[in-house]
1. Between a first residue in the range 148-177 that is in contact (Cβ under 8 Å) with a residue 60 or more places away in the chain and within 22 Å of residue 96 (Cβ to Cβ) and a second residue that is crowded, with 18+ Cβ neighbours inside 10 Å and of a type in the set (Gly, Ala, Ser), which pairs have beta carbons less than 6 Å apart while being 6 or more apart in sequence or on different chains?
2. What is the one condition in (1) among the β-branched types (Val, Ile, Thr); (2) at pLDDT below 95; (3) within 27 Å of residue 169 (Cβ to Cβ) that residue 9 does not satisfy?
3. Go through the range 49-66 residue by residue and tally those that are over 15 Å from residue 110 (Cα atoms) and modelled with pLDDT of 95 or more.
4. Would you point out the residue of the range 154-175, among those that are within 26 Å of residue 16 (Cα to Cα) and touching a Gly at 6+ places or on another chain (Cβ under 9 Å), that is surrounded by the most Cβ atoms within 10 Å (Cβ to Cβ)?
5. Could you check, for the range 206-214, whether at least one of its residues is under 30 Å from residue 88 (Cβ atoms) and either surrounded by 10 or more Cβ atoms within 10 Å (Cβ to Cβ) or modelled with pLDDT under 90 (or both)?
6. In the range 80-95, how many are surrounded by 10 or more Cβ atoms within 10 Å (Cβ to Cβ) and either touching a Lys or Arg at 6+ places or on another chain (Cβ under 8 Å) or not in a loop (DSSP other than H, G, I, E, B) (or both)?
7. Looking at 128, 47, 120, 65, which is the one that is under 24 Å from residue 171 (Cβ atoms), surrounded by fewer than 18 Cβ atoms within 10 Å (Cβ to Cβ) and within 18 Å of the chain's Cα centre (by Cα)?
8. Report yes if residue 188 is closer than 24 Å to residue 13 by Cα, crowded, with 18+ Cβ neighbours inside 10 Å, in contact with a helix residue (DSSP H, G or I) (Cβ under 8 Å, 6 or more places away or on another chain) and touching a residue at least 40 places away in the same chain (Cβ under 8 Å), otherwise no.
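The values are calculated or read from the model by the stated rules, or taken from the named source; none is laboratory data. Computed from a prediction, not measured in an experiment: that's the story for all the values here. Here the Cβ positions follow ideal geometry from the backbone for every residue, glycine too, while neighbour counts run over all protein chains shown.
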Amino acid sequence: MPSVSAERTLTSLYEAIHRRRDVRGQFTGAPIDPEALERVLAAAHAAPSVGLSQPWDFVLVSDVATKQTFVDHINVERAVFAATLPPDRAEVFAGIKIDGVMESTLSVVVTYDAGRGAPAVLGRHAIADAGLYSVCLAIQNLWLAATAEGLGVGWVSFYREGFVSELLGIPEGVRPVAWLCLGPVSHLEETPDLERHGWRQRRPLSEALHHERWAEKTGTTDNSSS
């Protein structure tokens, strides 16, 4: 049996996982407590990484002019994507807010340096993207820690990497993986935005489970294969 303190820790962890939202319109713009920000960034930096390469860096952006330049770029990319949609989907997309860059207190740009620890990155020789996966783990740590601190996070993906690299002076060979909006929020929505707006619906866990092999899908019987 887990101890009371362990049960509380588990409860807090699962609450953070399920309360986490990709925040857009709920940022208040209020200051972030410096100690909370330090804890959130420390949680991100504590993520596991292939070969202990820690291939991430965090660029903290609060300058309004820089953020506005990025938002102008986002709006161009939004239009590019919208132009690819059939009319019915374009109508749904038109009502979806895709960023909270100006509304949030701080932007955190997370980067990936494939050269860190190279050439012999232990564990990366067979899976070149293992370093990129490590950066994603750091982002998830940041997101869950922020949720536990009562902060919101929004991941902006409507950008070209080259634009962000030039905007922030990111060295050649280092990739900007995520532009994250971070800050206090009025609330976290019970239902994710894309579900609320009717863009997509979650699929149940049962549909994602397979046993032993891909064909052996939970809850289905496949008698067509020989």
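1. 153/146; 154/100; 155/178
2. Failed condition: (3).
3. Result for the range 49-66: 5.
4. Restricting to residues being within 26 Å of residue 16 (Cα to Cα) and touching a Gly at 6+ places or on another chain (Cβ under 9 Å), the top hit is 154.
5. yes
6. The qualifying residues number 9.
7. Checking each option against the conditions leaves just 47.
8. no
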